[in-house]
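Report on the structure given below.
The values are calculated or read from the model by the stated rules, or taken from the named source; none is laboratory data. Everything quoted here is computed from the prediction, not taken from an experiment. Here the Cβ is made from the backbone with ideal geometry for all residues, glycine too, and neighbour counts use every protein chain on show.
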Amino acid sequence: MNCRMQPLSVVAKIDGGYAFKSEAFSDIGVPVIRISNINEGRVNLKETARVPESFLKDFSAFRLNPCDILIAMSGATTGKIGVVPSDINEPLLLNQRVGRFKILDHKKLDQSYLRFIAESNNFQTQIQLLAAGAAQSNISGKQIESIQIPLPPLEVQKKIAAVLEKADALRRKREEQIKRLNDLLQATFLDMFGDPVTNPKGWPEIALEKIADIKSGVTKGRILKGKVISIPYMRVANVQDGKICLDEIKEIQIQANELEKFALQYGDILLTEGGDPDKLGRGAVWLSEIEPCIHQNHIFRVRPDESEVLPEFLSALIGSSRGKRYFFRSAKQTTGIASINMTQLKNFPALVPPLSKQKAFQNFIVRHQTTIKAFSKLEEATTCLFNSLMQRAFKGELELK
């Protein structure tokens, strides 16, 4: 199979979005697709900023089409890819720092093949290398266009895309199963405790600092005195929405006498202090996966008083619509990044139902996590298969019929 390597610019270009002013955003009008709307290979339309419909005429060059392939061009998620849904029923506009792949000649490049190329490990590695070196990752359209891609004949591209689409469909099926399980968790929470925003069951509201001990973590690069030890620590990348990710554990140096002060305990809740506005309140319960272990200063450690509130319930509450709304309104926001401080976290108005109901929810969580782990192993297997097929396809090693 002919797999010539050529710059992306030979067959496609990157069009950037428009710098819509934040004061133009509202809850009604035309959705504006920002970096935060790109998730897991898709463009999420559930939580979008909107601008007046009159902008469609003035900014028609930035209107998106179904199946457009988008790429994040700055921030911690530089390089992530999202595809506009094929069944969109409303117009969309493209925001700044989000790029759109525009194919120059559809006789030389297949749309589906391009999407898989953009998601491939090699392409993403090149993105990270080109974006490195700045305080915040940033990449230009020209830099993306300079990346070399394998460019076999169009018919071969279509065959490769067809194989990868089948594997991708299986992978997404596993993802959807896990999503449904997580939806069940949210539905169970609502059924047991009611809408956490309106609190229809009238649970007591107590400031978080009165029912939990809250601490920030260790700052990297401090001047250390006395005996120094190296210890595993949790970074922002390790704290996901509802789970702790242990894929890459790093160590940090601290003074030996600080270990007791910063050591994590079973049942601690870890919360990130900042990130995309819609991810505020992202956190999970620590289950002593690594001992000993501490956390960095961009993560809050919340240690519940279990005579008042259980970790599993409190973590779910903070990650619920109540927590997201509170933190979104309280947070400091700059250039698309939001952050919360210690005072805001301490003042979070927590709901405190009876311990018996919290315990019932905790038992459900344990059963739920067992099921999630089983499905996650299946997802991991299908993802490995998909990635293997991607690598073989772009090396010309797939047998295509």
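Quick notes
- Enumeration of residues in segment 93-140 that are assigned to a helix (DSSP H, G or I) and within 23 Å of Thr48 (Cβ to Cβ): Arg115, Ala118, Glu119
- Taking the criterion of being out of contact with any helix residue (DSSP H, G or I) (no Cβ under 9 Å at 6 or more places or on another chain), part of a strand (DSSP E or B) and not aliphatic (A, V, I, L, M), the residues of segment 1-30 that qualify are Gln6, Ser26.
- Unmet criterion (only one of (1) out of contact with any strand residue (DSSP E or B) (no Cβ under 7 Å at 6 or more places or on another chain); (2) among the charged types (D, E, K, R); (3) surrounded by fewer than 19 Cβ atoms within 10 Å (Cβ to Cβ)) for Asp213: (1)
- Residue check, Asp268 touching a Pro at 6+ places or on another chain (Cβ under 8 Å), acidic (Asp, Glu) and closer than 18 Å to Asp213 by Cα: yes
- Unique match (being more than 30 Å from Arg34 (Cβ to Cβ), assigned by TED's automatic domain parsing to the domain that holds Lys243 and in contact (Cβ under 8 Å) with a residue 12 or more places away in the chain) among Glu308, Glu291: Glu308
- Some residue of segment 350-369 being assigned to a helix (DSSP H, G or I), under 21 Å from the mean Cα position of the chain (by Cα) and at pLDDT 85 or above: yes
- Taken together, the residues in segment 63-91 that are in contact (Cβ under 8 Å) with a residue 40 or more places away in the chain, of a type in the set (A, V, I, L, M, F, W, C) and in contact with a helix residue (DSSP H, G or I) (Cβ under 9 Å, 6 or more places away or on another chain) amount to 7.
- Residue in segment 298-312 that is assigned to a helix (DSSP H, G or I) and over 30 Å from Ser112 (Cα atoms) present: yes
- If you go through segment 215-237 and pick out every residue that is under 24 Å from the mean Cα position of the chain (by Cα) and closer than 10 Å to Lys250 by Cα, you end up with 4.
- Members of segment 187-214 that are within 24 Å of the chain's Cα centre (by Cα) and either without any contact (Cβ under 8 Å) to a residue 60 or more places away in the chain or closer than 17 Å to Phe327 by Cα (or both): Ala187, Leu190, Pro196, Val197
- Condition check for Ala161: under 19 Å from Thr78 (Cβ atoms), in contact (Cβ under 8 Å) with a residue 40 or more places away in the chain and among the hydrophobic types (A, V, I, L, M, F, W, C): no
- On inspection, Phe189 passes the criterion of being in contact with a helix residue (DSSP H, G or I) (Cβ under 6 Å, 6 or more places away or on another chain) and buried (at least 18 other Cβ atoms within 10 Å of the Cβ).
- Number of residues in segment 226-276 that are under 26 Å from Asn182 (Cβ atoms) and assigned to a strand (DSSP E or B): the value is 9.
- In the set Arg63, Arg42, only one residue is surrounded by 12 or more Cβ atoms within 10 Å (Cβ to Cβ), farther than 30 Å from Pro152 by Cβ and touching a strand residue (DSSP E or B) at 6+ places or on another chain (Cβ under 8 Å); that residue is Arg63.
- Screening segment 367-377 for residues that are in contact (Cβ under 8 Å) with a residue 12 or more places away in the chain and of a type in the set (A, V, I, L, M, F, W, C) and picking the one that is farthest from Ala169 (Cα to Cα) gives Ile372.
Residues are listed down the side, and each one gets a yes or a no for (1) of a type in the set (Gly, Ala, Ser); (2) more than 30 Å from Ala118 (Cα to Cα); (3) crowded, with 16+ Cβ neighbours inside 10 Å; (4) free of Cβ contacts under 8 Å to residues at least 60 places away in the same chain:
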site: Pro354; (1), (2), (3), (4): no, yes, no, yes
site: Glu379; (1), (2), (3), (4): no, no, yes, no
site: Cys384; (1), (2), (3), (4): no, no, no, yes
site: Met390; (1), (2), (3), (4): no, no, yes, no
